[in-house]
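Structure first, commentary second.
Each reported figure results from applying straightforward, stated rules to the coordinates on display, with no laboratory input. In this text, all values refer to a predicted model and were calculated from it rather than measured experimentally. Here Cβ is always computed from backbone atoms with ideal geometry, including for glycine, and neighbour counts include all displayed protein chains.
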């Protein structure tokens with residue numbers, strides 16, 4: 001099995017974004033297609049979806065990743081096509097050198113209650129790959145069509161202006177407006193271990209019991 005952590009990403013600096021997506025692309029490229037690929041989104045709290053999608057583009061089919069439906073009924077498809085990625089309102093937001101497509105028989109994506117916002121958007125894009133299985137617990141549910149408003153003070157406000165429509169159904173659901181993504185396989189244990197400072201908080205480390213469950217799931221995929 002090949003295990004890749006996919007962290008949240010928040011920098012607006014294009015050079016730093018490029019380093020992030022190129023690192024993810026390189027990790028995928030080093031993975032043998034014969035191995036099971038595991039992507040860890042359990043502690044990915046979001047940020048910017050564009051660098052995440054660019055980093056994982058080798059396993060995300062081109063086309064409409066999802067569609068934003070605003071409160072006036074207008075549709076804004078977010079698309080990926082040969083390294084050209086549109087933003088949530090349909091305008092081109094990122095261009096990158098498209099990586100060579102990679103094909104894995106099984107791609108397991110670990111999700112949990114800290115998987116949020118841009119990470120959830122990236123999961124919608126990943127689920128268009130029929131070999132992707134979400135495993136863990138429901139995500140945070142920060143799923144909506146948003147628009148940024150920049151104030152005179154230099155601050156920015158994010159406004160919810162509509163609903164997200166996933167291209168494929170995720171656990172039978174296609175429309176999301178601040179609802180969580182339900183995994184294909186719900187585990188007994190939370191993916192993230194409880195923090196030592198209290199049982200109601202979680203660390204950034206995977207829980208040992210969850211890892212045992214994940215290994216059992218991986219063996220069943222191989223059989």
Exercise. How do 223, 166, 93 line up, fewest other C-beta atoms within 10 Å first?
Worked result: 223, 93, 166
Exercise. Using alpha carbons only, how many degrees (0 to 90, rounded to 10) separate the axis of helix 208-222 from the longest principal axis of the chain?
Worked result: 90
Exercise. Tell me, in nm to one decimal, what length is gained between residue 171 and residue 23 on full extension, where the rule is 0.36 nm per residue of separation less the Cα-Cα distance?
Worked result: 50.2 nm
Exercise. Taking the mean number of other Cβ atoms within 10 Å as a proxy for protection, how do you rank 124-130, 25-31, 172-178 from highest to lowest?
Worked result: 124-130, 25-31, 172-178
Seminar exercise, completed: Everything considered on the Cα gyration tensor (a ≥ b ≥ c; rounded for a/c under 1.5, else prolate if a/b is larger than b/c, else oblate), the range 57-112 must be described as oblate
Problem set entry | Extension gain, residue 70 back to residue 212 (0.36 nm per residue minus Cα-Cα distance, nm) | 46.9 nm
Problem set entry | Normalised convex hull volume, the range 21-65, alpha-carbon set, Å³ per residue | 93
Exercise. At q = 0.15, 0.19 Å⁻¹, what base-10 log of I(q)/I(0) does the Debye formula yield for the range 70-147 when every alpha carbon is treated as an equal point scatterer in vacuo?
Worked result: -0.67, -1.01
For this session: Show that you can apply the helix-only estimate: for the chain, add -39,500 (n - 2.57) for every DSSP H stretch of four or more residues, divide by all residues, and state [θ] at 222 nm to the nearest 500.
Result: -6500 deg cm²/dmol
Seminar exercise, completed: Cα gyration tensor of the chain diagonalised, 5x eigenvalues square-rooted, in angstrom largest first, produces semi-axes 27, 21, 18
Problem set entry | Degrees, to the nearest 10: 14-29 long Cα axis against longest axis of the chain | 30
Problem set entry | Label-to-label distance, nm, for residues given as residue 14 and residue 62 (7 Å Cα→Cβ offset) | 2.2
Exercise. What FRET efficiency would be calculated for the residue pair residue 182, residue 81, taking the C-beta separation as r and a Förster radius of 30 Å, to the nearest 0.05?
Worked result: 0.55
Exercise. Ranking 66, 142 by Cβ neighbours within 10 Å, fewest first, what do you get?
Worked result: 142, 66
Exercise. Hey, what did the chain get for relative contact order, percent, Cα under 8 Å, at least 6 apart?
Worked result: 18
Exercise. To the nearest Å, what is the center-to-center distance of the range 55-114 and the range 1-20, using C-alpha atoms only?
Worked result: 15
